[in-house]
1. Pairs please, first residue from region 119-133 and within 15 Å of A27 (Cβ to Cβ), second anywhere and of a type in the set (K, R) and open to solvent by 20 Å² or more (accessible area, probe 1.4 Å), Cβ atoms under 8 Å, 6+ apart in sequence or on different chains.
2. For region 106-120, how many residues are part of a loop (DSSP other than H, G, I, E, B) and more than 18 Å from M140 (Cα to Cα)?
3. Look at V24 and say whether it is of a type outside the set (K, R) and assigned to a helix (DSSP H, G or I).
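The values are calculated or read from the model by the stated rules, or taken from the named source; none is laboratory data. Predicted model, so just to flag it, every value in this text is computed and none were measured. All Cβ positions, even for glycine, are placed from backbone atoms using ideal geometry, and neighbour counts span all protein chains on display. Please note that ligands, DNA and RNA were not included when accessible areas were found on the heavy atoms of the full protein model with its side chains. Shrake-Rupley method; radii C 1.70, N 1.55, O 1.52, S 1.80 Å.
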Amino acid sequence: MGVTKSERDDEFQAFIVAVWPRLVRTAYLLAGEQYAAEDLVQSAAEKACAAWTKVRKADDPYAYVRRILVNQHARRWRRRPPELLVDAVPDAAGVEDGFARSDQRGALLAALTTLPARQREAVVLRHWEDLSDSQAAAAMGCSTGAVRSHAAKGIARLRQITELVGLKDTEHIGGTV
């Protein structure tokens, strides 16, 4: 017997509630501004809800929705360049959030906003989300070589920024470089 609409809605709601904080964090790192991040996650959630039957059957529903999120961000970036709002750093972060422990998170987030969109996506997915090259490639819709290239160029640019020069490599990007 099939799943009722009510059961499907409850399942989707439970899923979104569980992954919302991770999606908002990823969206914030991509968008650079809290309200834009929340809008981005809301748009991704709407698309995921519309395709929930397909999403729930995926091997990794979170990865599926994260891919929707990255695609939504890429579409918005192509339509108009984002405003650089670097003063909007969240006051609090989750306990597991490594970059928030850095005294220079404002400088890091400001530096991150200077990266081109694809480099920023690769750096966020590889180093904050701690995805493999193949997982990041799937989320970005490109090859693993492109992910490695974008991530390497992004990290190289971040290392050139004066405010970040004093940080150790492991403090640069959520503990891994």
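1. W128/R25
2. Filtering region 106-120 for residues part of a loop (DSSP other than H, G, I, E, B) gives 114-116.
Cutting the leftovers down to more than 18 Å from M140 (Cα to Cα) gives us 114.
Going through region 106-120 one residue at a time, the tally reaches 1.
3. Working: of a type outside the set (K, R): yes; assigned to a helix (DSSP H, G or I): yes.
So V24 passes the test.
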